[in-house]
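Next up is a structure, given as structure tokens.
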Amino acid sequence: MAAAPHASGSLATGWRSLAVPLMLPTWLVIGTFLLVPVVLMGVYSVLTKDFRGGVVWEFSLAAYDQFFVTRGLFGDEPPQIEWTYIAIFWRSIWQAALATLLCLLIGFPTAWFIATRSPRHRALWVFLITVPYWVNLLIRTVSLRFLLRDQGPLNEGLLAIGVIDAPLRIINTDVAVQLGLFYSYLPFMVLPIYAAVERYNFALSEAARDLYAGPWTTLREIVLPVVKPGIVAGCILVFVPSLGAFLAPDLLGGAKTYMIGSLIDEQFRGSMGNWPFGGAVAMILMSLVLLVLLWQARAAGRGRR
Amino acid sequence: MAARTDMRRYAGFGLTTALCLTILYVPLAVIAVYSFNDDRSITNWAGFSLRWYADVFTGPEAPIFRAAAWNSLSIAALASTAATVIALAAAVAMIRGGRFHGRQASYALISLPLMVPEIVTAVATLVFFTAIGVRTGYGTILVAHITFCIPFAYLPIAARMQGIEESYELAARDLYASRWQAFRLILLPLMMPGIISGWLLAFIISLDDFIITNFVKGAGMETLPTAIFGSVKQGIKPNIMAISTLMLMVSVVFVTLSYLANRIGQKTR
């Protein structure tokens, strides 16, 4: 490895005095057009809804109240927990978790297989895994919808070879959404696990074998703990975007498969929307994502020690 | 001596890999094949035809597609170029700048677009532009795209720069090259594969975006993904499959170029 590129000779190459000016464009652009907007959205979530869409600048917790509390149909009953939106969150978490599990089941063996090829061929395998990621997500989702339709090529093919008698109803179900999320983010699972397995020292496995451990015992007891950071990273990379996904639930799911993304989207459509409520849902989603990321950072920190 | 088990091999892993690649490619292959179908209904196969490709360029919806394609491509080119320049400056600061004040915060800021869920970014950006009274349209899409493209351009550039030892630049400086000359004649050429990958990645990411664009595009403004989405809502039509296949091919060309840039990069390292 090269001597630490940071700090050491920085004075000599003369970039140190320019570091702040060089960072300035990044601060300006991401600061102005992402950080400020996110903070502003947080502010909007505690303002009063304007009936023409947008907000009135008056403090109000109505949006969070609407999310968590119900007072009956006419608002005159004692406050109770509102389950509608919590249920949407719960379903989104569940869908994202199942998609993540599916990605892990397919992704881990794939990553392992690629990492154990000869170094010359690995780049080509990784290339094959990454190509679909570069294809437009909308187009991938539309392709999946086309494939899974009731009269789509999958059903026609299965009918033709006689595996099924009636077309499988996949589209507009939870399964379609899980498949869509799985299909959208599968490469995100394979790549970090691949990176971890590639660094894995196979002498450990051989030592385990010499001590009479079978291959699957070795996988469970030796390999998995060592490559765990890669697995965790892969799971996060699939779970987090799945949680707020919009395209897969919208194009593959039906009315029953409503997820957080659609709930937020709806609040900003025309005059029917509710900007403070949409802002509140977005803030709650972001807190959830932050919790997941913090948990990962802590887990990674422990792993290093 | 008994044959020793190869601890790198697990039964079924090769098969799962084959399954994984099948799942990844079959939907794309299917849509590409059906885009050549000479039939108005999308279900039956009625022979090979290029009529839907002709339809994309000359049919009744051609002007919409042409305008959308122009918007998509010009925004992607401008956004990825701006993001690459910004990311290159940031990478020099982060990797050659030593422990300057605010380094940790800068790193967090660069990764922020990757951490915030897309739908949240979309909504927040819309709220922001509405609050400051900017009309949504081409300009707002461009600004939003530059913002979320920065980390994607940054990652390959930073990865490449980390692998370049400072000694090259130091040697140039010892030979009385100015800081600028050392950058332009030594660091920049060595950085090129990273810069090209970063630009290509940012370009594709910009071209790919639907959710954020959909929120900040304003009325009457379409990019390819928003136009396709609008059309698909009424059912998948054959001309959409043709246009999807064309976009698919653009993506494949780009990823191949990026792959080659990296391979050349590895040889010159």
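Bear in mind these aren't lab numbers, they're just calculated from the coordinates by the rules spelled out. For clarity, every value in this text was computed on a predicted model and none was experimentally measured. We place every Cβ from the backbone using ideal geometry, glycine too, and count neighbours over all the protein chains shown.
Working from the pairwise distances between different alpha carbons, so that the mean of 1/r is found and then inverted, what is region B:19-78's Kirkwood radius in Å?
Averaging 1/r across every pair of different Cα atoms and inverting gives 13.7 Å.
With a sphere of radius 13 Å drawn around the Cβ of A:Trp125, what net charge do the other residues whose Cβ falls strictly inside it have (Lys, Arg +1; Asp, Glu -1)?
+2
Between region B:148-217 and region A:160-216, how many Å separate their Cα centres?
Result: 34 Å between the Cα centres.
What is the packing order of peptides A:140-149, A:257-266, taking the mean over residues of other C-beta atoms within 10 Å and listing the highest first?
Top to bottom by mean Cβ count within 10 Å: A:140-149, A:257-266.
Could I ask something else about it? Which loop trypsin sites (Lys or Arg not before Pro) in region B:116-192, with loop taken from DSSP, have no more than 16 other Cβ atoms within 10 angstrom of their Cβ?
Filter output for region B:116-192: B:Arg135.
Specify, per residue and in Å³, the volume enclosed by the convex hull of the alpha carbon atoms belonging to the protein assembly as shown.
Convex hull volume per residue, Cα atoms: 206 Å³.
Could you please report the charge total around A:Asn155, scoring K, R as +1 and D, E as -1 over all other residues with beta-carbon less than 10 angstrom from its beta-carbon?
Net local charge, A:Asn155 excluded: 0.
Could you work out the relative contact order of region A:83-273, using alpha carbon pairs under 8 angstrom and six or more residues apart, expressed as a whole percent?
In percent, rounded to a whole number, it is 34.
Placing +1 at every Lys and Arg Cβ and -1 at every Asp and Glu Cβ, with all other atoms neutral, what dipole size does the protein assembly as shown have around its Cα centre, in debye to the nearest 20?
So the dipole magnitude of the protein assembly as shown works out to roughly 1640 debye.
Let me check I've understood the local charge: for B:Phe13, count other residues with C-beta under 13 angstrom from its C-beta, Lys and Arg +1, Asp and Glu -1. What total comes out?
For residues surrounding B:Phe13, the net value is +2.
Tell me the mean residue ellipticity at 222 nm calculated for the protein assembly as shown from its helices only (DSSP H runs of n ≥ 4, each -39500 (n - 2.57), averaged over every residue, nearest 500).
-22500 deg cm²/dmol
Using only Cα atoms, tell me the angle between helix B:238-268 and the longest principal axis of chain B; keep it within 0 to 90° and round to the nearest 10.
For helix B:238-268, the angle is close to 20 degrees.
Another one. What base-10 log of the normalised intensity I(q)/I(0) is obtained for chain B from the Debye formula, alpha carbons as equal point scatterers, at q = 0.08, 0.09, 0.10 Å⁻¹?
Cα-only, vacuum Debye calculation for chain B: -0.47, -0.59, -0.70.
Looking at chain B as a GNM with Cα springs under 10 Å, which of B:Thr22, B:Thr245, B:Thr147 has the largest mean-square fluctuation?
Residue with maximal mean-square fluctuation among B:Thr22, B:Thr245, B:Thr147: B:Thr22.
Shielding by partners for A:111-121, please: the mean number of other protein chain Cβ atoms within 10 Å of each residue's Cβ.
3
Right, something else. Take chain B, connect every pair of alpha-carbon atoms lying under 10 Å apart with a spring to form a Gaussian network, then pick out the residue of B:Val92, B:Val134, B:Val26 with the largest mean-square fluctuation.
The residue with the greatest mean-square fluctuation here is B:Val26.
At 25 °C and a viscosity of 0.890 mPa s, what translational diffusion coefficient does Stokes-Einstein give for region B:204-269, taking Rh as the Kirkwood radius over Cα pairs? Give it in µm²/s as a whole number.
Translational diffusion coefficient: 176 µm²/s.
OK, next. Taking just the alpha carbons, could you work out the radius of gyration and Dmax for region A:17-89, both in angstroms?
Here Rg and the maximum Cα pair distance are 19.2, 65 Å.
Per q in 0.09 1/Å, what log10 I(q)/I(0) does a Debye calculation on the alpha-carbon atoms of region A:152-305 return?
So the normalised log intensities are -0.50.
Which three lengths, in whole Å and largest first, does region A:28-163 cover when its Cα atoms are put on their principal axes?
Here the Cα extents, ordered largest to smallest, are 64, 51, 28 Å.
If you don't mind, there's one more thing I want to ask. Report the semi-axes of the equivalent ellipsoid for region B:84-137 in whole Å, largest first, where each axis is √(5λ) for an eigenvalue λ of the Cα gyration tensor.
Ellipsoid semi-axes (Å, largest first): 29, 13, 10.
Follow-up question, since we're still on this one. Given just the C-alpha atoms of chain A, how large is their convex hull per residue in cubic angstrom?
244
Top mean-square fluctuation among B:Gly230, B:Gly194, B:Gly47, Gaussian network model of chain B, C-alpha springs under 10 Å?
B:Gly47
Sticking with this one: Per the Kirkwood formula on distinct C-alpha pairs, the Rh of region A:134-228 is how many angstrom?
Hydrodynamic radius (Kirkwood, Cα pairs) of region A:134-228 is 16.7 Å.
While we're here: Per residue, what volume in Å³ does the convex hull of the Cα atoms of region B:1-136 enclose?
294
Hey, got the average number of other protein chain Cβ atoms within 10 angstrom for residues in B:248-259?
4
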